Amino acid sequence: MPDNDAYALQRSDLNRFLFADVGVEASGMTLSVLSALARRGVDPWQEAGRLAKLPQSAAIDILARIIAAMPSNLWSMADATEIAKRLVALLPTRSSVITAPAPAQALQSAKSLLNGRLLTHRWSIVAAMAGAVMIGVLVNMAMAPSNHPVSTEISGFSAAPPAAK
């Protein structure tokens, strides 16, 4: 059976770099390069591709600044530089880097498609809830005893006209 997992990116030459450990955070969780870049609000694969195209010293400097600027701030700039040196060595060589930046139109199209699906999903939930309420009302009406006379008198007032004397 062929592997159809489009999100695995098993053949990506950037995976060794992106899934490498930066270090252990204060919470005890291991921080990967992928997580560090995502927390900065950038696409990890695009940023890794950009770093791979830069001279090694520039890539180390940029990555060290990213690591040192992490919110937990566990690593000094000197420590971050040493970590960045180790990580940048995992990047593919500049000649073998193949990256395709996502065009803004494709990103916008994906966002609008997602919003459309979410909107459709919300309406289907509302419709399902309305249907459930209607079914409940119908079941309640069907289960009501029918052998009891319906009272025409409410709070002392009669629904029928007064009888002539």
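What follows draws every value from the coordinates through simple rules; no lab data is involved. Every value quoted in this text rests on a predicted model; they were computed, and no experiment measured them. Note that we place each Cβ from the backbone using ideal geometry, even for glycine, and neighbour counts take in every protein chain shown.
Rank A68, A89, V33 by how far each Cα sits towards the positive end of the charge dipole of segment 15-96 (+1 on Lys, Arg Cβ; -1 on Asp, Glu Cβ) and give me just the farthest.
A89
Lys and Arg at +1, Asp and Glu at -1: add these up for the other residues within a Cβ distance under 10 Å of G49 and post the number.
Surrounding charge for G49 is -1.
When you count, for each residue, the other Cβ atoms within 10 Å and take the mean per peptide, how do 13-22, 74-83 rank with the highest first?
13-22, 74-83
In debye to the nearest 20, how big a dipole does segment 15-96 give about its Cα centre with +1 on each Lys and Arg Cβ and -1 on each Asp and Glu Cβ?
In debye, rounded to 20, segment 15-96 gives about 280.
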